[in-house]
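Here the structure comes first, spelled out in C-alpha cells, and everything after it is commentary.
The values are calculated or read from the model by the stated rules, or taken from the named source; none is laboratory data. Since the model is a prediction, treat every value here as computed from it, not as a measurement. Note: ideal-geometry Cβ built from the backbone for every residue, glycine included; neighbour counts use all protein chains shown. Ligands, DNA and RNA are excluded from the accessible area calculation, which covers all protein heavy atoms including side chains. Shrake-Rupley method; radii C 1.70, N 1.55, O 1.52, S 1.80 Å.
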Amino acid sequence: MSLKILTYPNPLLAKKSEPITEITDEIRELVNEMVPMMYDADGIGLAAPQVGKLLRLVVIDISGPEKREDLLVLINPRLTPIPEEGMVVGEEGCLSVTGYRANVKRYAKVLLEAEDLEGNPIRREADGLLAVCLQHEVDHLDGKLFIDRISRLKRGMFEMKLKKGTRQSQVR
Ligand code: NI
C-alpha cells in the first residue's frame, strides 16, 4: 500500500465513512501505515478518509510526534457530548487543510465509545486536547472538516487564499 494524505478540496474528504464490521489484516495494515504517516506529518490525529479509505477508523496521539507515548487506535468511534461541561474555543489545523488554522468551538468533554484494534470495547470520558481532537477526527468520518465549522466570513477568506495559492503554484 502506498498512501498519501489527501488535501482539501479532494471530494473524498466530504464523504461519509463506513463502519468497520471486521478487523481484518487489511485494517491492521492500514493502521500500520497511518500511524507513522501521522507522526511524520507532525500531526496528533489522522482519520482513514484522509488517506482515501472511507472507513470509520482514526489514530490519535495527543502526546505528539516527539513523545509518541499515548497512541489511540479507534475503530468505529462514537462520541456523546457532555453539554453540562460547556464549550471550548481553540485553534485547530488539519493535515488535509495545509497552511491554515482557525478557532473552532467544541464540547469541552465527551464520552468516547469505540473498539481497539483487538476488538476490545473502549469507553472513557475525554476532556482537554483529547476531547477536541476526538471531535475533529470523528468529524472527518462524517465528511466534515474544521473549515466547515468556521464563520462564513472566515470561510470565504480561506477560499480566496486557497484560490490565490493555486494560481500562484500554476504560474511556477
Ligand atoms: Ni483533520
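How large is the dipole of segment 21-172 about the Cα centre if only Lys and Arg carry +1 and Asp and Glu carry -1, each at its Cβ, rounded to the nearest 20 debye? Don't skip to the end; give the middle numbers.
Working: 22 positive and 26 negative charges, 268 e Å.
Here segment 21-172 has a charge dipole of around 1280 debye.
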Straight-line reach only, C-alpha to C-alpha below 16 angstrom: list the lysines that LYS15 could link to, leaving out same-chain residues fewer than 8 apart.
LYS53, LYS144
Mind checking the per residue accessible area of segment 11-171 for me, 1.4 Å probe, whole number of Å²?
55
At a 1.4 Å probe radius, carbon and sulfur cover how many percent of the accessible area of the chain?
50
Sorting check: for 4-15, 140-151, which peptide has the highest mean count of neighbouring beta carbons within 10 Å, and how do the rest follow?
140-151, 4-15
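Full-extension gain between THR80 and THR98, please, as 0.36 nm times their residue separation minus the C-alpha to C-alpha distance.
Numbers: separation 18, 0.36 × 18 = 6.48 nm, distance 2.88 nm.
Between THR80 and THR98, full extension yields 3.6 nm more.
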Straight-line reach from LYS164: which lysines have Cα under 20 Å away, leaving out those fewer than 8 places along the same chain?
LYS154
Rounded to 5, percent antiparallel among DSSP beta bridges of segment 11-171:
95
Looking only at aspartates and glutamates whose Cα falls under 19 Å of LYS163's and that sit 8 or more positions away or on another chain, we get ASP148
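What is segment 68-151's relative contact order, in percent, from Cα pairs under 8 angstrom and six or more apart in sequence?
Result for segment 68-151 is 30 percent.
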